[in-house]
1. If the cut-off is a Cα-Cα distance under 18 Å, which aspartates and glutamates reach LYS148, setting aside same-chain residues fewer than 8 apart in sequence?
2. Two decimals, Cα atoms only, Kirkwood Rh: what is Rg/Rh over region 30-208?
3. Using the per-residue mean of other Cβ atoms lying within 10 Å as a proxy for protection, in what order, highest first, do the peptides 168-180, 127-139 fall?
4. Which values, in whole Å and largest first, are the semi-axes of the equivalent ellipsoid of region 123-209 obtained as the square root of 5 times each eigenvalue of the Cα gyration tensor?
5. Please order LEU74, LEU106 by the number of other Cβ within 10 Å, starting at the fewest.
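Computed from the coordinates by the stated procedures, all read-outs in this text should not be read as laboratory data. Just so we're clear, the structure is a prediction, and the values are computed from it rather than from any experiment. Reconstructed Cβ throughout: ideal geometry from the backbone, glycine too, with neighbour counts over all protein chains shown.
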Amino acid sequence: MGKNWTYKSRPFVTVIIAVVLFSPALLGQEKRVYNHIDLSVGGFFEGGKNVQSPGIAIRLGYGADIKLTDRFSLMPGAGVRGQKAALGVLGNKGGSSDGLLFADVLCQARYHFKHIIIGLGPNVSFAVANMNYGVENYGDPTHPLVGKKQFSTIDVGLVPSISVPFGKHWEFGVEAIIGLTNMRIRYEDANAGASTYMHTVSLFFGYRF
């Protein structure tokens, strides 16, 4: 009876011993991946030949900050960004503004100094809400651009950032989205030579866990 009990229990005892021996090592491992949620608010600027005056940009984002070494990490992420230019002309006769909603997909390489984190990486933005040309843009309902989209649906750019960590969970800094794509659509019969590049510069607050 005792022999049978020992034989049947051997796998169970082996598991218990393994858990006891290896649990301290597993629990002592340093965390390698941090969830990173951030909210940014700042200015929106356009560059090119067909631009509006500056406006505002707001972005909510998430990233998985993967620690590669003591200094380097890689943070892929995604976010939702709303932006609107020419806030100063709203309400004025003939005034208009460029307002879009983007879904951002990015991947930043980050270097961690003792008190500062510097990041840089590519960003691809998809226009969730675009803008169409209206009669108010040209004052002519027969204009060839009326009813057509103003901007492309995809923007490719860079996302540099510099930030300072506070305590174990908080991070505060400045980030930019530098658009490298001419977002102004050129049509066969109109808009020749037009160009609009979209950029934002914002302050952001991040929470890491």
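1. Excluding near neighbours in sequence, the set is ASP98, GLU136, ASP140, GLU188, ASP189.
2. Here the Rg-to-Rh quotient is 1.06.
3. Top to bottom by mean Cβ count within 10 Å: 168-180, 127-139.
4. Here the semi-axes work out to 38, 13, 10 Å.
5. Numbers: LEU74 16, LEU106 21.
Sorted ascending by nearby Cβ count, the order is LEU74, LEU106.
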